[in-house]
Every structure is written in C-alpha cells, then in structure tokens.
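> Have a look at this one before I ask anything.
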Amino acid sequence: MTLKRSLRWQLFPFLVALPALLIALSGETVGAVMQYERPAVSDGEVWRLLTGHWVHLGWRHLALNLVGLFLVWHLFGRMLPLAGWLAVLLVIALSQSAALMVFHPEILWYVGLSGLLHGLLAAGALAALRHMPLIGAGALLLLLAKLALETLQPGVGIAGAGDWLGGPVVVESHRYGALAGLLIGAPAVWCTARQAARRAGEA
C-alpha cells in the first residue's frame, strides 16, 4: 500500500470521530440541537436523523464509542474503499434513525455512535468473508450472539452500562444498525468485487 493510499485509508475513522469530538467540545446547547429527538424530527428538524449519531451522553460515552470505531476499522477497514465506507455509513445512519421513527414511537430521544458501530461491524465482517473467512464469520457470529442476548434477555448488563455512561442504552439502535449494515454491506461487497475483477481483466 502506497503512502497516499495508506493516508486515504486512515481518513475514514477520523472523518467519523471529528464531528463527535467537535460536538462534545461545543457543549450541551449544540448537542441538544443535533441529537435525535422524535418530536423535533416530526416538526421538520430532519437533520437530527443524521446528526444524532454524533452526539454523546458525555466523555465516557464518546470514548467508548471511539475505541469501538477504531477497533472495527483496524479489523475490517481495508475490506471496502473509502467511498464505499462513506456510503455504507450514510445508509446505516439514516436507516437506523428511520426505523426508530417508524417502529418505536416510545423512544423519544437517542444519541451515540453505537448503532452505527454495529452496522459498520456487520458490513465489515460480511466483506471480510471473501479474504478472511474465519475472522469475518467469527465476528458475525459474535455480533449475532450479542444481539440475541440483548433481545432474549433485555436488561442484562444494560442497567449498569447505562449508569456508567450517564443515560439509558437504546438496544434497538444496535439491532437496526446491524441489520442496515448487513443489507447495505452485501451490495457494497458485490460492487467492490466486480470493480476489482474488472480492473484485473483490464490489466
């Protein structure tokens, strides 16, 4: 990998992390304007469907999500090109928020990158099945096991995590994020493989 390609590859996690850091540094007023809030979205503040993922409950919440982001990226970042990851990120963010709006009117507000991280992990692990089948399959199985545990035994470990983070954990965001990651990850992997095959044929 050339230096230019290496720097471009490393750009994605910083593009994700930087807005979250800027919002955290801007204070609660900015966060309040950008977080996902169902009544505000219904009143036309549709940007919250996207920006809410970059708002956090506090520095602990942000730090935990950023560690998760860089871990996912370290494992699977090379599986898709930068443009592919940005498209996947956008689709996951909007799909997850839309699902909360449609299916969970009881969830009035939501913040954090965790849903996106579940989606990025799902998409990355799916893409890894081509080149690192054991790692990709293992990551998918662990992700499905985590989601199943959260679904079948709601509240297990969640209350303690919520206390530590400073607010409730919206596990629905994890499920919708992972589902969106799988759904968008499949065509993204197909397109990437097709482009690679085309370049190989031209060579």
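> Is there any pair linking a residue in the stretch 91-116 that is more than 15 Å from Arg48 (Cβ to Cβ) to one that is at pLDDT 95 or above and of a type in the set (Lys, Arg), with Cβ under 8 Å and at least six apart or on different chains, and which?
Between residues of the stretch 91-116 that are more than 15 Å from Arg48 (Cβ to Cβ) and residues that are at pLDDT 95 or above and of a type in the set (Lys, Arg), the close pairs are Pro105/Arg38.
> Next question. Do you know which residues across the stretch 57-78 are touching a residue at least 40 places away in the same chain (Cβ under 8 Å) and within 14 Å of the chain's Cα centre (by Cα)? Reasoning before the result, please.
The first filter runs over the stretch 57-78 and keeps only residues touching a residue at least 40 places away in the same chain (Cβ under 8 Å), leaving 57-58, 60-62, 64-66, 68-70, 72-73, 75-78.
Those that are touching a residue at least 40 places away in the same chain (Cβ under 8 Å) and within 14 Å of the chain's Cα centre (by Cα): Leu62, Leu64, Asn65, Leu66, Gly68, Leu69, Phe70, Val72, Trp73, Phe76, Gly77.
This table checks each residue for (1) out of contact with any helix residue (DSSP H, G or I) (no Cβ under 6 Å at 6 or more places or on another chain); (2) within 19 Å of Trp109 (Cα to Cα); (3) at pLDDT below 90; (4) open to solvent by 50 Å² or more (accessible area, probe 1.4 Å).
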| position | (1), (2), (3), (4) |
| --- | --- |
| Ser6 | yes, no, yes, no |
| Pro13 | no, no, no, no |
| Val46 | yes, yes, no, yes |
| Phe70 | no, no, no, yes |
| Leu86 | yes, no, no, yes |
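> With a cut-off of at least 1 residues that are modelled with pLDDT under 80 and acidic (Asp, Glu), name the helices (runs of 4 or more DSSP H) lying wholly within the stretch 113-203.
Working: elements: 114-128, 133-152, 158-165, 171-202.
By residue number, 158-165, 171-202.
> Evaluate the following for Arg60: is it out of contact with any His (no Cβ under 7 Å at 6 or more places or on another chain), farther than 21 Å from Ile135 by Cα, open to solvent by 60 Å² or more (accessible area, probe 1.4 Å) and not polar (S, T, N, Q)?
Working: out of contact with any His (no Cβ under 7 Å at 6 or more places or on another chain): yes; farther than 21 Å from Ile135 by Cα: yes; open to solvent by 60 Å² or more (accessible area, probe 1.4 Å): yes; not polar (S, T, N, Q): yes.
Yes.
> Still on this structure, I have one more. For the list (1) in contact (Cβ under 8 Å) with a residue 60 or more places away in the chain; (2) surrounded by fewer than 18 Cβ atoms within 10 Å (Cβ to Cβ), I need the number of the one condition that Ala122 fails.
Of everything listed in (1) in contact (Cβ under 8 Å) with a residue 60 or more places away in the chain; (2) surrounded by fewer than 18 Cβ atoms within 10 Å (Cβ to Cβ), Ala122 misses just condition (2).
The values are calculated or read from the model by the stated rules, or taken from the named source; none is laboratory data. The model shown is predicted, which means the values in this text are computed figures rather than measured ones. With ideal geometry, Cβ positions are generated from the backbone for all residues, glycine too; neighbour counts draw on all protein chains shown. These area figures cover heavy atoms from the full protein model, side chains too; ligands, DNA and RNA do not enter into them. Shrake-Rupley method; radii C 1.70, N 1.55, O 1.52, S 1.80 Å.
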